[in-house]
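Novice: Submitted below is the structure of interest, expressed as structure tokens.
The values are calculated or read from the model by the stated rules, or taken from the named source; none is laboratory data. Just so it is clear, the structure is predicted and the values come from calculations on it, not from any experiment. Here the Cβ is made from the backbone with ideal geometry for all residues, glycine too, and neighbour counts use every protein chain on show. For accessibility, only protein heavy atoms count, side chains too; no ligands or nucleic acids. Shrake-Rupley method; radii C 1.70, N 1.55, O 1.52, S 1.80 Å.
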Amino acid sequence: MDTKHFVVDRDKPDLRILDQAAAVLRQGGLVAFPTETVYGLGANGLDPRAVARIFAAKGRPADNPLILHIADGHEVNKLAARVPANAAALMAKYWPGPLTVVLARTRLVPDAATGGLDTVAVRLPASTVARELIRLAGVPVAAPSANTSGRPSPTTAQAVLADMDRRIEVVLDAGPCGIGVESTVVDCTTPVPTLLRPGGVTLEMLMDTLGEVEVDPALGGDDFVPRAPGMKYTHYAPAAPMTLYEGDAAAVAAALAGDTGRLAASGRRVGAVVSAETAALLPREAETAVYGARGDLDAAAAGLYSALRHFDAAPVDIILAEGVAEAGLGLAVMNRMRKAAGYKIVHC
Ligand code: TXA
Ligand code: MG
């Protein structure tokens, strides 16, 4: 199948184009679309056959559940059997936006979308293109990130096409995503809500609204030892093996300069995923992909996945990456970086 590539304005998209894409969704097809976090790979979330096509296109394990995207907050009541007060408070504060809530599901939600779980993940995105598309489709849209399973999420239509060309009917292109890491996933079926994945709504913002939040141990801090089943999937992995350097910023930069030099001298092709300041310190032989200025966590989030994907086109033997401070959006960035590195971490 040929994948149609439609460029749309992020603020005032041509509704005739979105209506064509919505028709593809209603007919059981796959449409990749921009959100404020990353590009999603959408299908009619109420149609088990359409949902099955998402898993096939991504090579995604069938037991990894999908997020259902809605265009209006009220639609959560069709999908969720109960909306506890703490979930309602989060939705009131952070919807539309980069927040996904996990709730007990209704029978309307097909098993295919939830991997057979009795819960459902629901998100109301802020992106105008995403919301208009969902509204025109008239159904909740199941959408994981639009990458091949295990790869970095796409933040541009070009990255979507690198993984999904000829596997999907349409990609809607509204340019790079603003936030750049996926939504925050909060399980609201536990007595105290549990953070399952850090994202655009920070832990600090959740605490502010809820007072109390559990943090899932499988989320993976720097001392985390991965074990099945929570960690059974590789995630966000670039084309070459990656090692993450974290700790004191000056010590990290010095260690990266030394290690890239040593590796290059031994004949290895070295890639570095780093801040602009650190890139300037590295030996000329190192290929660099800069995610932003040091300390600018918004830029690190927005630039991370493109930096990880940079080395698909410029192949290297090994990637060394510079960590960021673990506050605010930095928690999400470090969660993705540690997973991308398969927890190979150098503490500086
Ligand atoms: O920002 C985002 O969330 C993007 C855009 C497209 O909306 N979507 C996205 O989807 O990142 P995906 O499938 O790549 O990640 C969804 C995460 C997975 O970690 C999945 O395991 C978790 O949400 N999830 C989905 N349903 C769940 C459920 N019922 N219980 C627990 N976790 C769930
Ligand atoms: Mg994903």
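Novice: To the nearest 20 debye, what charge dipole does the chain have about its Cα centre, counting +1 at the Cβ of each Lys and Arg and -1 at the Cβ of each Asp and Glu? Mind dumping the intermediate values first?
Specialist: Numbers: 33 positive and 38 negative charges, 205 e Å.
Computed about the Cα centre, the dipole is about 980 debye.
Novice: Return the sequence-ordered ³J(HN,Hα) values of region 42-51 in whole Hz as given by the Karplus equation 6.51 cos²θ - 1.76 cosθ + 1.60 applied to θ = phi - 60°, using x for Gly and Pro.
Specialist: Residue by residue, region 42-51 yields x, 8, 4, x, 9, 10, x, 6, 5, 5 Hz.
Novice: Mind putting together the pair-distance distribution for region 4-215? All Cα pairs, 10 Å bins, whole percent per bin, short to long.
Specialist: 9, 38, 38, 14, 1
Novice: If you don't mind, there's one more thing I want to ask. Probe of 1.4 angstrom, ligands and nucleic acids ignored: what's the accessible area per residue over the chain, in square angstrom?
Specialist: On the way: 14160 Å² over 348 residues.
Using a 1.4 Å probe on heavy atoms only, each residue of the chain averages 41 Å².
Novice: Would you please give the FRET efficiency between residue 296 and residue 9, computed as 1/(1 + (r/R0)^6) with r the Cβ-Cβ distance and R0 = 30 Å, to the nearest 0.05? Display every interim value, and only then the final one.
Specialist: Details: r = 27 Å, r/R0 = 0.89.
For R0 = 30 Å, the calculated efficiency reads 0.65.
Novice: Now a separate question. Quantify, in whole percent, the carbon and sulfur part of the accessible surface of the chain (1.4 Å probe; protein heavy atoms only). Write out the running numbers ahead of the final one.
Specialist: On the way: 7580 of 14160 Å².
Using a 1.4 Å probe with all protein chains present, the chain comes out at 53 percent carbon and sulfur.
Novice: I need the calculated FRET efficiency for the pair residue 89 and residue 27, taking r as the beta carbon distance and R₀ as 51 Å, to the nearest 0.05. List each step's numbers first, then the result.
Specialist: Details: r = 38 Å, r/R0 = 0.74.
According to the calculation, E is roughly 0.85.
Novice: So what's the angle, to the nearest 10 degrees on a 0 to 90 scale, between helix 330-340 and the longest Cα principal axis of the chain?
Specialist: The answer is roughly 80 degrees.
Novice: Further, regarding this structure: Would you compute, from DSSP H runs of 4+ residues alone, the mean residue ellipticity of the chain at 222 nm, taking -39500 (n - 2.57) per run and dividing by the full residue count, rounded to the nearest 500?
Specialist: -9500 deg cm²/dmol
Novice: Net charge within 12 Å of residue 275 by Cβ-Cβ distance, Lys/Arg positive one each and Asp/Glu negative one each, not counting residue 275 itself?
Specialist: Working: positive: 294; negative: 277, 296, 322.
Neighbourhood net charge equals -2.
Novice: What are the semi-axes of the equivalent ellipsoid of region 242-347, taken as the square roots of 5 times the eigenvalues of the Cα gyration tensor, listed largest first and rounded to whole Å?
Specialist: Values: eigenvalues 79, 40, 32 Å².
Working from the Cα gyration tensor, I get semi-axes of 20, 14, 13 Å.
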